[in-house]
Amino acid sequence: MELSVKDRLYLPTFLPARGNFKEFNLKKEILRKIAIGDEERKVINLRENAEDKRIEWDVEKEQPLPVEFSSDEMAYLQTACEKISDEELPDDMWGTVEAIYNELNTDM
């Protein structure tokens, strides 16, 4: 699946803060796979706007990141998305959740 910078910034917020050791390792591996490295930060000029505390970047320079998640990682992401399904979130966050579900459906 391909993830945008926005997807990669949102995904960690969906993941539970607590879990068992297996879940901890799944989360750690997911976060490693979607991390935005220093070089990419420079290329896209990722920064925090001091006035409104928003994260900004040059979307023109953004390249989607192709990511392969294991079946266990996808199951973990599905569970995380199901847990937040009744919350009120901005529409663009739901777009990230939808991308995960679309990927789950293509794997079936």
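Bear in mind these aren't lab numbers, they're just calculated from the coordinates by the rules spelled out. These numbers were taken from a predicted model, which means no experiment stands behind them. Cβ placement follows ideal geometry from the backbone for every residue including glycine, while neighbour counts extend to all protein chains displayed.
Observations, loosely collected:
- Residues of the range 4-34 with amide N under 17 Å of a point placed 7 Å along Cα→Cβ from GLU56: 6
- In a reduced charge model with +1 at each Lys and Arg Cβ and -1 at each Asp and Glu Cβ, the chain shows a dipole moment near 560 debye about its Cα centre.
- Principal-axis analysis of the Cα atoms of the chain puts helix 91-107 at an angle of about 50° to the longest axis.
- Amide H within-cut-off set for LEU3, under 5 Å, with H built and near neighbours excluded: LEU65, VAL67
- Net charge in the neighbourhood of GLU29 (other residues with Cβ under 13 Å of its Cβ; Lys, Arg +1, Asp, Glu -1) is +1.
- Most mobile of GLU23, GLU39, GLU68 in a GNM of the chain (Cα contacts under 10 Å): GLU39
- Contact order normalised by residue count of the chain, Cα under 8 Å, 6+ apart, percent: 37
- Extent of the chain along its three principal axes (Cα atoms, max minus min coordinate, largest first): 37, 28, 28 Å.
- Each Cα pair under 8 Å and six or more residues apart adds its separation to the average, and for the range 9-63 the resulting relative contact order is 21 percent.
- Rounded to 10°, Cα long-axis angle of helix 21-34 versus longest principal axis of the chain: 30
- The GNM of the chain, with springs linking C-alpha atoms under 10 angstrom apart, assigns the highest mean-square fluctuation among LEU77, LEU65, LEU89 to LEU89.
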